[in-house]
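See below for the structure under consideration.
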């Protein structure tokens, strides 16, 4: 009887030691708008496919999310280079895309945060027109737009009240490009209403976000910011160094996803959620499978 119990104990110890280690849990964060809900879901599904346990905490405000990551409560989320540069690191110097990324990578490394490879999805402010109208007027860039306005075309522009008033908003944009819409041709409204007003031809030009799903859905065209007025907001995975040191393959997985994302891709994926009313989970799964990431 004693020998059988001893054998059972030894066997239990042996098989217990031989059991695989529990998968590491990665806490994935995300902000509270469509694009962020989507990228946090894609990140979660991708890391699960790589063998990680995932605790997803999406729908957070930008500042609380960043604070949670610095405090070690969030392991990874996708941040925008311009947000870190201007909002978190208080850098006022105007930098191009490459310099912005290099600066935030350097500054945030001191806080234990690692910026992985930036995507080509740049969710910055942009000016847009209806594609057919822009083609008819021969407008492809903000310089083209400035030429038309200076030439006497009274083009009506819609933007939110914040962009109209802020010191890095409409006024310095017009100064850089050397034109002025004129007070009577600027219409201030909520950001969401700008898209509908432009679609319905109530205005000629609208302030949009470059990766908003309504841009392709409503057949708008983004005017090239050929003088580089708007800051770069490249969407980039940011991981706590302590987590990355323990599991470096997280970087490989997220860098591969990052390499496939650009403005057009994100706008189309966002539109599937906001316009076509598909679920975030379904869109994430479909895209990851299409790209053979899972």
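The values are calculated or read from the model by the stated rules, or taken from the named source; none is laboratory data. Small disclaimer: the values here were computed from a predicted structure and weren't measured. Glycine also receives a Cβ, built like all others from the backbone with ideal geometry; neighbour counts cover every protein chain displayed.
For this structure, a couple of remarks:
- Residue 290 fulfils the conditions (1) touching a residue at least 12 places away in the same chain (Cβ under 8 Å); (2) over 26 Å from residue 159 (Cβ atoms) except for a single criterion, (1).
Condition check ((1) outside any strand (DSSP E or B); (2) assigned by TED's automatic domain parsing to the domain that holds residue 282; (3) within 19 Å of residue 118 (Cβ to Cβ); (4) in contact with a helix residue (DSSP H, G or I) (Cβ under 9 Å, 6 or more places away or on another chain)) across all residues:
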{"position": "44", "(1), (2), (3), (4)": "yes, yes, no, yes"}
{"position": "48", "(1), (2), (3), (4)": "yes, yes, no, no"}
{"position": "56", "(1), (2), (3), (4)": "no, yes, no, yes"}
{"position": "63", "(1), (2), (3), (4)": "yes, yes, no, yes"}
{"position": "68", "(1), (2), (3), (4)": "yes, yes, no, no"}
{"position": "91", "(1), (2), (3), (4)": "yes, yes, yes, yes"}
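- Restricting attention to segment 24-35, the residues that are under 17 Å from residue 73 (Cβ atoms) and without any contact (Cβ under 8 Å) to a residue 60 or more places away in the chain add up to 7.
- Filter result for residue 87 (under 26 Å from residue 284 (Cβ atoms), at pLDDT below 95 and not in a loop (DSSP other than H, G, I, E, B)): no
- Test result for residue 99, surrounded by fewer than 18 Cβ atoms within 10 Å (Cβ to Cβ), under 18 Å from residue 118 (Cα atoms), out of contact with any helix residue (DSSP H, G or I) (no Cβ under 8 Å at 6 or more places or on another chain) and modelled with pLDDT of 95 or more: yes
Matching residues to (1) surrounded by fewer than 17 Cβ atoms within 10 Å (Cβ to Cβ); (2) at pLDDT 95 or above:
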{"position": "126", "(1), (2)": "no, yes"}
{"position": "157", "(1), (2)": "no, yes"}
{"position": "162", "(1), (2)": "yes, no"}
{"position": "166", "(1), (2)": "yes, no"}
{"position": "181", "(1), (2)": "no, yes"}
{"position": "191", "(1), (2)": "no, no"}
{"position": "199", "(1), (2)": "yes, yes"}
{"position": "203", "(1), (2)": "no, yes"}
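- When residue 137 is tested against (1) closer than 29 Å to residue 245 by Cα; (2) not assigned by TED's automatic domain parsing to the domain that holds residue 264, only condition (1) is not met.
- All positions within segment 108-152 that are under 17 Å from the mean Cα position of the chain (by Cα) and part of a strand (DSSP E or B): 114, 115, 120, 122, 125, 126
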